[in-house]
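What follows draws every value from the coordinates through simple rules; no lab data is involved. Note that the coordinates shown come from a computational prediction; the quantities given were computed from them, not determined experimentally. With ideal geometry, Cβ positions are generated from the backbone for all residues, glycine too; neighbour counts draw on all protein chains shown.
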Amino acid sequence: MKPFRYVPMVLLQTLVLLAQGQSNVDSLERIVREDRRDTSEARALNQLGAFFVRTDMQKAKSYWLRSVEVSQSGRLPVQLSVACGQLSQVYQDIGISDSALYYLTLMKKLAASDPSGREAFAQTAGLYYKKQSKYKEALPFMLEAMELARASAKTDSSVKCRTDLAGQSLNAGNTYIELGDYQTALRYHLEALRIFEQVGNKKGISFCYQMVGAGFLKLRQLRDATIYTRRSLAIKTELHDPRGIGTSLQQMGSIHRYAREFDSAVTCYKQSINIFRQMGLKKDELNVDLDMSNLYEEARQTDSACAYLERGKLLAQAMGDTGRLATFNAGLIALKASARKEKDTEKKLTAALQHSIQIGDKAAELINYQYLADYYARIGQAQKSSGFIRQYYEMTDSLESIRVQTQLKKMESQYNVDKKEQEIALLKKDQQLSHLNLEKQKILLEKQKVFQYGAIVLILLLLLIGWLVINRHRIVHRSRRAIEIEQMRNHIARDLHDDVGSALTSINIMSKVALQAPGLQQEGQRAVFEKIKDRSSAIIEKMDDIVWTIHPENDTMERLLFRMKEFAAEILEPLDINYDFDEKGDLASLKLDVQKRKDLYLLFKEAVNNAAKYSECCNLHIRLWREKDALQMEILDDGRGFEEEMIRTGNGLSSMRARASSMVAEIHIDSALGKGTRIALDMPIIP
């Protein structure tokens, strides 16, 4: 059997689905509703995400997150790679760079285990670095993905493989544009356009028209740029592609800008930025902010230009885009310096002239006359400039006589200095003779000091070597102990999962089978089997949490955050509860021991579960942030609330307080009828 080949990410699946239309979307959604948990469901989820990515980013993301879950549980590496690649790009577009890097890293691991996934990883890595403005790092990945696609197209001339090659050629051309190699970029874009036209793919043709227009725009060939950009905009409008319409409008704005058509440029840019904001595309919004700042700077509207630079700077900081952040910082510095310079230059030059006159510095006074003459000539005030030029030459003539007198004084001073230097030389010779014996004694004392210092340094080195040897022994012992503990945790997690987990699963399944048996008529027996089924299901869920906590691979805060987000999505999304998960501070470097990590996760799980089951809320806000030496968590809903003294004890509140006490943390549970519920945890972090 030939090795499987990974489907090439967002571009190919989007182009294929858009050509097939809504009927295919309906059939895919039917497959998803059947909940098969197999390859067909994972593939359907990926294709649905690709269809909605151009119109509804959140909906597309939800499909791909579910595909990751199905692919991981079913061990489907092909579909898992597709979903990870698309999630990496989506999270980068909406400004969550750490999640984008997480899915890219997962793709890299998949490609390492199976070379067939290398093209998918190379394309995603190239797009990741390109969106961070690291074009030199992106180019090798883009070219690698294109060559792999070209090799596949030579052996398989199907529409899918040819469309794949066209998409990779388009990506490579886009990167060359950013690097300034427009000739090479145009060659790749025309190659992609030729293939898309052969297979009749309108979406691909619109992409190529857009980028060919971008190349002509870089070369300031505005007529050709306008033709290709309008062609692209017409096709994207026909296909109802809002994101594509936004990028074409942005490019039209730049064409109007270079043509000095200010009002038309502003209109196109504002239409573009409104589309990107509605879709949550922060990366695209960032690029339009930069274009708008450049436009207002060219129009001499400094305040408006600075406002867009400040917006873009904050957005780039939130997204972790260091390349764009440096660009916005440089633009702000240059604009502010230019504005201040025009206002302060005349005042500073005039003040410098007055100061040089007051202190009698004739040379400085002469230079300041010249500076003021140049300044007024540059700003077009010829009369003032000529006045300072006249003063400059008058002072030059008067200084000639002063210069002669100065030379005579200088010669006289030099003679006196030479005479005194001869007298000083004679005195130095006498001093050298008198101090010769003292120098010999000092040399002997210095040698003794050097010997003493050498002995001290040698002793210190011996002590340091001894300390290093002892410390190395302690480190090696600790490392071995840590490895043994990790192996033990692996063994326990595996035994719990394989032995205890399988036994509980068997009990659960047998109880379900018994409940379905036709001979089970007695109500008492059914109640017993129902309890066995329910309690075994609960134990399986708790066992899964315990196994996850014990496994060493989950020791990082990053893994804990991912599981918390995964649990929130599983519980809240089926109930149509809107939620957000906000992270602040340096959480990635946070280290928690096994018990605290377990208590934190179970407390979070209990709080979210209570909100989902009992609060009847529509919105849920989850915040997790780090401040100095404390980790804080807040879960806030807008549900019906409760009065604690009137509720049953089995709803988990006492459990949450017990877990908070175990973590040496403070927990606050605030609720009132009709006012929602707020659960806040403040846990100190011991360095």
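By the compact-protein rule of thumb, 2.2 N^0.38 Å, the alpha-carbon radius of gyration of the stretch 130-240 corresponds to a ratio of 1.05. All Cα-Cα distances of the stretch 572-612, cut into 5 Å bins from zero to the largest, leave 5, 17, 18, 24, 18, 13, 5 percent in each bin in turn.
Annotation for His240 and Gln448: the two label points, set 7 Å from Cα along the Cα-Cβ direction, are 10.0 nm apart. Protection proxy ranking, highest mean first, for peptides 227-239, 299-311, 244-256: 244-256, 227-239, 299-311, where packing is the per-residue count of other beta-carbon atoms within 10 Å, averaged. When the label point is put 7 Å from the Cα of Ala630 along its Cα-to-beta-carbon vector, which residues of the stretch 552-585 have a backbone N closer than 17 Å? Residues passing the 17 Å test: 584-585. Normalised by residue count, the stretch 74-209 yields a Cα convex hull volume of 117 Å³ per residue.
Remark: the stretch 7-130 carries a charge dipole of roughly 160 debye about the Cα centre, counting +1 on each Lys and Arg Cβ and -1 on each Asp and Glu Cβ. Computed extension length for Leu468-Leu438: 6.3 nm, one decimal, from 0.36 nm per residue of separation with the Cα-Cα distance subtracted. Counting neighbouring Cβ atoms within 10 Å and putting the fewest first, the residues Cys268, Cys84 line up as Cys268, Cys84.
By the Stokes-Einstein formula, at 0.890 mPa s and 25 °C, the stretch 238-306 with its Kirkwood radius over alpha-carbon pairs has D equal to 205 µm²/s.
With the highest mean first, a sort of the peptides 96-106, 151-161, 165-175 on other beta-carbon atoms found within 10 angstrom per residue produces 165-175, 96-106, 151-161.
Extension gain for Glu147 to Leu190 (0.36 nm times residue separation, less C-alpha to C-alpha distance): 13.8 nm. With all projection directions averaged, the alpha carbon convex hull of the stretch 206-326 covers 7.2 nm². Pairs spanning more than 32 Å between alpha-carbon atoms, out of Lys61/Lys236; Lys270/Lys336; Lys313/Lys565; Lys154/Lys282; Lys270/Lys628: Lys154/Lys282; Lys270/Lys628. Scaling against 2.2 N^0.38 Å puts the C-alpha radius of gyration of the stretch 550-635 at 1.10.
Of the peptides 325-331, 124-130, the order by per-residue mean of other Cβ atoms within 10 Å, starting with the highest, comes out as 124-130, 325-331.
For the stretch 7-130, the alpha-carbon coordinates run over 36, 29, 22 Å along the three principal axes, in decreasing order. Each listed q (0.16, 0.18, 0.19, 0.29 Å⁻¹) maps to a log10 I(q)/I(0) for the stretch 217-266, found by the Debye formula over equal Cα scatterers with no solvent: -0.42, -0.53, -0.58, -1.05.
Each of Leu620, Leu110 has some number of other Cβ atoms within 10 Å of its Cβ, and from fewest to most they run Leu110, Leu620. The distance linking the stretch 277-299 with the stretch 198-271 is 15 Å (Cα centroid to Cα centroid, whole angstrom).
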